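The next block holds one structure in the form of structure tokens; read it before the comments.
Please treat every number below as a calculation from the coordinates, not as lab data. Predicted model, so just to flag it, every value in this text is computed and none were measured. Methodologically, a virtual Cβ is constructed for each residue, glycine included, from the backbone with ideal geometry; neighbour enumeration extends over all protein chains shown.
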Amino acid sequence: MTKAPNELMLVEAARALRSREITVRELWDACHSAAVAKNPELNAYLEIFNADDAAIDAAQARIEKEGDAAPMLCGIPLAIKDNILIDGKTASAASKMLENYRATYDATVIKKLKDQNALFIGRTNMDEFAMGGSTEHSAFGVTKNPHDTKRTPGGSSGGSAAAVAADTCIAALGTDTGGSIRQPASHCGIVGVKPTYGRVSRNGLIAMGSSLDQAGPMTKSVEDARILLSAISGTDPLDSTTITDATYTNRTVEGKMRIGVPRDLLAEGLDADVRERFDAALEAFRSEGHEVVDVSLPTSRYGLAAYYIVMPAEVSTNLARLDGMRYGHAVRETTLLDDYRASRTEGFGAETKRRILLGTYVLSSGYIDAYYRKAEAARALLRAEYAKAFEGVDLIAVPTVVAPAFVFGAKSDPVAMYLEDVFTVTANLTGAPAISVPMGRVERDGVSLPVGMHFTAPHGAEDRLFTAAAQLEEKGLY
Amino acid sequence: MASADDVKKLAALARITLSEEEIDTFTKEFEGILAYVGQIESLSVTPEVNRAPAVRNVFREDGEPHEKGKYTEKLAAQFPERDGQYLKVKQIISHD
């Protein structure tokens with residue numbers, strides 16, 4: 001074996017465990033020691049867990065007993081974003097507010113992973129309450145991009161992306177409300193999937209924007225993403241918005257595909273070399289006999305504005321529960337109202353406060369029609385526009401982000417930071433599934449940095465994403 | 001646009017205390033953010049498009065409650081202040 005165990009992709013690690021090339025313990029130790037060695041520099045993990053001997057032994061025993069029939073994730077060490085609850089472990093959402101909060105139950109996604117005997121390396125850093133595109137809004141320090149430690153890994157799932165890219169785990173879970181899986185995947189050169197809304201249960205995720213949030217895989221390969229997504233998917237009585245296999249009709253595509261490109265959206269703001277990589281990737285598809293056509297999605301240019309109305313509205317509502325009464329950061333002053341105020345003022349960071357106030361603004365009686373209701377209408381319009389576009393094409397492609405990873409502090413203006421999400425938010429607004437897959441590298445300050453290609457498919461058509469992304473992966477452009 | 005007074009009022013509604021400096025910063029930033037999201041005003045929306053989002057809700061039958069007290073200690077362990085199994089908070093109704 002040429003790769004160290006921690007460098008293996010999920011499929012390779014599962015194969016190595018089954019062929020007895022390595023044991024679960026060896027795989028765990030390799031990932032764990034890589035995480036311990038690299039974390040002082042990267043700060044990808046807020047906590048690296050100690051080995052759970054019972055879990056390691058149980059995974060090994062299951063592989064011995066079931067062999068190839070053992071679940072694919074059996075014995076596989078995963079990194080988990082810090083807003084996903086693991087029973088008995090801290091879940092802080094990288095906020096002072098929940099610094100000492102211990103989860104009292106397993107999120108449904110964690111329960112499903114435990115049922116497969118997966119292992120957890122640690123909980124990963126993120127922007128506070130998943131709000132941000134750089135991990136600079138973590139209350140516990142920034143995460144650094146393993147490709148260039150002067151740059152951010154993206155965010156909000158920046159810790160998970162860096163953990164995977166630095167080979168400190170086999171794969172990771174992130175969450176995506178406006179691009180928080182796909183944007184850091186692009187900046188760190190890995191694969192990230194935002195599933196169809198309802199594909200993965202939100203039970204046990206620390207809620208940000210409930211109509212937008214989805215958990216999803218962050219992996220070293222497209223096949224890994226497919227495996228991890230299938231492990232965490234499914235209808236859940238504890239999340240009434242989860243879908244069934246029958247919710248959307250089977251939408252696999254046989255043979256050649258038609259890929260739609262919204263050219264008018266790419267006209268401005270895109271770095272020239274990112275566009276070159278994107279055009280080269282499209283050319284690679286053409287050379288395989290796929291068709292690349294223009295699509296018109298005029299409402300998309302309102303997508304980011306609609307998102308930055310709907311999302312803060314939901315944030316201000318969801319975060320109202322954090323008041324220092326039953327759990328979390330608690331300050332005691334003279335009156336009960338003072339207790340609420342002091343707990344929230346000390347517990348929340350600047351970006352969280354900014355979004356709570358924005359949400360309060362767009363929901364206030366004088367502005368709800370002009371902002372919130374208009375944004376919800378834009379959302380319906382977007383959904384209709386995408387449905388129509390998908391009558392003519394199988395997938396829609398854009399670059400995941402307009403540029404590669406940026407240097408720390410480069411986007412101190414909130415609007416500049418929000419523009420990081422311009423191509424990714426639409427999938428959250430419409431509920432459609434989307435993937436970011438590495439499409440090549442560009443150079444900045446003498447360092448080669450990854451950039452990602454973004455595909456959106458119709459609701460329920462994740463298979464199409466995996467088919468197209470796997471073909472791009474095979475081309476070896478990255 | 002939001003004035004400094006608007007920001008103060010929003011903070012009061014959201015139960016957050018802002019320093020004078022934070023009020024300044026947020027007022028300035030909101031100008032940029034609201035100008036950006038305000039683009040939405042120029043989007044024309046026909047009444048038939050303005051419908052409820054396509055999110056389905058489902059209901060389940062009540063039943064099979066978990067065993068009483070199963071989670072009490074775990075949850076109570078998170079309380080900032082407790083009196084046995086009770087959450088302790090300030091008295092809010094006075095008898096005077």
Answer from A:Asp106, A:Asp68, A:Asp176, A:Asp82 - the residue that is of a type in the set (Asp, Glu) and under 28 Å from A:Glu443 (Cα atoms):
A:Asp176
Total residues in the range B:10-49, condition at the interface with chain A (Cβ under 7 Å from one of its Cβ atoms), under 25 Å from A:Phe348 (Cα atoms), part of a helix (DSSP H, G or I) and of a type in the set (Val, Ile, Thr):
2
Which numbered condition in (1) under 24 Å from the mean Cα position of the chain (by Cα); (2) farther than 30 Å from A:Ala93 by Cα is the only one that A:Met72 fails?
(2)
For the subset of the range A:58-88 comprising residues that are within 14 Å of another protein chain (Cβ to nearest Cβ) and surrounded by 20 or more Cβ atoms within 10 Å (Cβ to Cβ), which member is farthest from A:Leu119 (Cα to Cα)?
A:Leu85
Does at least one position in the range A:329-345 carry a residue that is more than 30 Å from B:Lys88 (Cβ to Cβ), out of contact with any Lys or Arg (no Cβ under 8 Å at 6 or more places or on another chain) and within 9 Å of another protein chain (Cβ to nearest Cβ)?
no
Checking the condition touching a Lys or Arg at 6+ places or on another chain (Cβ under 8 Å), part of a strand (DSSP E or B) and either within 13 Å of chain B (Cβ to nearest Cβ) or of a type in the set (A, V, I, L, M) (or both), which residue from A:Val437, A:Val442 passes?
A:Val442
Take A:Met417 and tell me if it is within 14 Å of chain B (Cβ to nearest Cβ), within 24 Å of A:Gly269 (Cβ to Cβ), in contact (Cβ under 8 Å) with a residue 40 or more places away in the chain and more than 15 Å from the chain's Cα centre (by Cα).
yes
Restricting to the range A:261-315, and then to whatever is of a type in the set (Gly, Ala, Ser) and in contact with a Leu (Cβ under 7 Å, 6 or more places away or on another chain), can you tell me which residue is farthest from A:Leu472 (Cα to Cα)?
A:Ala313
Run A:Tyr386 past the list (1) of a type in the set (Phe, Trp, Tyr); (2) more than 9 Å from chain B (Cβ to nearest Cβ); (3) surrounded by fewer than 23 Cβ atoms within 10 Å (Cβ to Cβ) and report the number of the one that doesn't hold.
(3)
Test A:Leu322 against the criterion of being under 18 Å from B:Glu81 (Cβ atoms), surrounded by 24 or more Cβ atoms within 10 Å (Cβ to Cβ) and more than 7 Å from chain B (Cβ to nearest Cβ), and give yes or no.
yes
Restricting the search to the range A:346-370, which residues are more than 7 Å from chain B (Cβ to nearest Cβ), of a type outside the set (S, T, N, Q) and closer than 24 Å to B:Met1 by Cα?
A:Gly349, A:Ala350, A:Glu351, A:Arg355, A:Gly359, A:Val362, A:Leu363, A:Gly366, A:Tyr367, A:Ile368, A:Asp369
Quick one: what pairs do we get from the range B:70-96, first residue part of a strand (DSSP E or B), second small (Gly, Ala, Ser) and surrounded by 10 or more Cβ atoms within 10 Å (Cβ to Cβ), C-beta under 6 Å, 6+ apart or different chains?
B:Arg82/B:Ala76
Test: A:Thr104 is polar (S, T, N, Q), within 14 Å of another protein chain (Cβ to nearest Cβ) and assigned to a loop (DSSP other than H, G, I, E, B)
yes
Tell me, please, whether a residue that is of a type outside the set (A, V, I, L, M) and part of a strand (DSSP E or B) can be found in the range A:81-90.
yes
Out of the residues in the range A:201-246 meeting the condition of being within 15 Å of A:Ala118 (Cβ to Cβ) and in a strand (DSSP E or B), tell me which one is farthest from the other protein chains (Cβ to nearest Cβ).
A:Thr219
Which count do you get for residues in the range A:325-341 that are assigned to a loop (DSSP other than H, G, I, E, B), surrounded by fewer than 22 Cβ atoms within 10 Å (Cβ to Cβ) and touching a Ser or Thr at 6+ places or on another chain (Cβ under 7 Å)?
2
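Considering only residues that are in a helix (DSSP H, G or I) and touching a strand residue (DSSP E or B) at 6+ places or on another chain (Cβ under 8 Å), which ones fall in the range A:409-429?
Within the range A:409-429, A:Thr426, A:Ala427, A:Asn428 meet the criteria.
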